[in-house]
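Take a look at the structure below.
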Amino acid sequence: MRKFFVSAFVLGLCMTVQGQSIDKLINSKEVTRIEKILSADDMQGRRAFTPAIDKASAFIESEFKKAGLKTFMGAPNFRQEFFMTESKETASKIVVDGKEINKLQVVAFSYQPQVSLTEKSDITVVKISKGDNLGQKFNEYFNGTKSYLVLVDASFNKVLPNLQHIDRIKTNPGDNTVLFVFGVSEANIFSIELSNTVTKKPLNNVVGVLPGKSKPDEYVIFSAHYDHLGVGSPEEGAPHTATDSIYNGANDDAAGSTAVIMLANYLKKLNNNERTIIFTTFVAEELGGFGAKYFSKQLPADKVIAMFNLEMIGTESKWGKNSAYITGFEKSNMGEILQRNLKGTAFQFYPDPYPQEQLFYRSDNATLAKLGVPAHTISTSKMDSEPNYHTADDEIETLDIDNMTEIIKAIAISSSTIISGKDTPTRVDTTQLR
């Protein structure tokens with residue numbers, strides 16, 4: 001009996017010490033410091049391919065270094081660099097059945113400096129008819145490897161501006177050309193002449209590592225994206241106010257990046273992880289998740305035990321304080337593990353309440369999830385009524401820093417048994433994914 005009482009006393013003491021430690025290391029003051037820097041006006045909205053994204057990267061690198069993390073796979077620094085190819089059209093002339101097509105009716109995707117095609121070339125003419133699933137058809141041709149002349153029914157004219165604002169940026173573009181022509185129903189004889197300026201541009205994720213003690217080849221990932229929309233981004237419409245054109249992205253996703261840095265500091269100080277922890281902030285999420293796609297190819301997916309992707313956690317969820325939701329909750333038992341580890345606390349994780357938004361597929365968890373990894377996004381964003389989403393009003397003053405701090409603590413505590421190797425979430429059934 002005495003031995004039991006001593007053990008219980010020691011256990012209680014350890015929990016108290018850890019509780020004091022987490023409150024000391026994850027606190028509102030430090031959250032505010034990091035969040036304020038990442039979402040400041042001088043970060044100019046952290047748009048990819050601008051000096052601002054390099055400035056944000058340098059700050060996160062310095063925080064990883066200060067935390068005492070290792071670099072990824074022996075890299076010389078915390079920058080995981082890769083290149084993307086950008087194409088900008090400089091001239092075009094499209095003639096179909098003897099009639100020159102107005103440029104405003106055409107959306108072209110090509111990564112060749114010069115394109116010259118006719119009906120005798122290796123190009124397939126296809127149609128998107130009224131009533132077709134435009135998104136599905138677009139993705140089929142856009143992501144294909146063949147050249148297509150796509151004739152789009154005029155009933156879809158309202159989506160033309162959306163297609164025209166798609167960035168002509170890819171990581172490994174092919175030599176094919178895909179041309180969408182709206183309001184033209186037949187193309188028997190045609191000529192396509194395009195001139196493009198094609199450039200390779202560098203980008204980088206920021207990646208730091210905390211090696212595991214007994215299971216170093218099993219990985220747990222904490223991630224967020226650190227890019228946003230920049231200044232007066234045309235993709236998102238006019239600036240929200242006449243006086244402020246900077247899309248600060250305080251919630252989207254400086255909040256997630258702040259959490260990753262805070263967790264890195266906390267878990268390094270704790271220094272009891274049996275599995276290797278990878279902390280990463282991704283670039284180019286707003287352009288199509290390119291940073292996460294590159295990252296996912298750099299390590300074997302079967303060795304990734306879990307991925308905690310943190311996206312927009314700076315505002316209260318629909319349930320109020322001390323709560324968040326997990327996208328794809330039903331696709332693994334990871335959410336159940338997290339909630340079990342929070343038993344006795346005031347915090348509650350919920351399944352994603354916005355299934356119609358397809359959030360599981362819209363953030364940086366999606367790439368690894370499609371490889372079977374229990375990769376989920378934790379968020380609080382009210383996607384049916386978030387007033388500052390993708391506007392110039394997404395600034396630090398709109399965030400609930402105290403609540404955000406509690407969310408970060410909850411993530412730290414709830415992930416503990418996965419980090420320790422005690423719990424292993426079930427894999428995502430890839431056959432059930434769209």
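The values are calculated or read from the model by the stated rules, or taken from the named source; none is laboratory data. Everything numeric in this text was worked out from a predicted model, so none of it was measured. Methodologically, a virtual Cβ is constructed for each residue, glycine included, from the backbone with ideal geometry; neighbour enumeration extends over all protein chains shown. Only protein heavy atoms, including side chains, enter the accessible area calculation; ligands, DNA and RNA are left aside. Shrake-Rupley method; radii C 1.70, N 1.55, O 1.52, S 1.80 Å.
Just a few scattered comments:
- His390 exposes around 30 Å² of accessible area when a 1.4 Å probe is run over every protein chain in place.
- Counting only DSSP beta bridges with both residues in the chain, the antiparallel share comes to about 55 percent.
- Charge sum, other residues only, whose C-beta stays under 13 Å from Lys321's C-beta, Lys/Arg counted +1 and Asp/Glu -1: -2
- Probe 1.4 Å, protein heavy atoms only - accessible area per residue of the chain in square angstrom: 46 Å²
- Semi-axes of the equivalent ellipsoid for the range 292-343, Cα gyration tensor, largest first, Å: 25, 16, 9
- The Cα trace of the range 273-387 gives Rg and Dmax of 14.3, 41 Å, the first to one decimal, the second as a whole number.
- For the cross-link pairs Lys215/Lys268; Lys24/Lys293; Lys318/Lys343; Lys127/Lys331, the ones whose C-alpha atoms lie over 25 Å apart are Lys24/Lys293; Lys127/Lys331.
- Accessible-area composition of the range 273-403, carbon plus sulfur, in percent [1.4 Å probe]: 48 percent
- Prolate/oblate/rounded label for the range 156-195 (Cα gyration tensor, a/c 1.5): oblate
- The share of Cα pairs per 10 Å bin across the chain, counted from zero up to the longest distance, runs 4, 20, 28, 23, 14, 7, 2, 1, 0, 0 percent.
- Note on the chain: helix-only mean residue ellipticity at 222 nm, from DSSP H runs of 4+ residues weighted -39500 (n - 2.57) and normalised by residue number, equals -8500 deg cm²/dmol.
- Taking the C-alpha atoms only, the angle from helix 28-38 to the longest principal axis of the chain is near 20 degrees.
- Accessible surface ranking that places the most exposed of Arg427, Arg46, Arg340 first, with a 1.4 angstrom probe: Arg340, Arg427, Arg46
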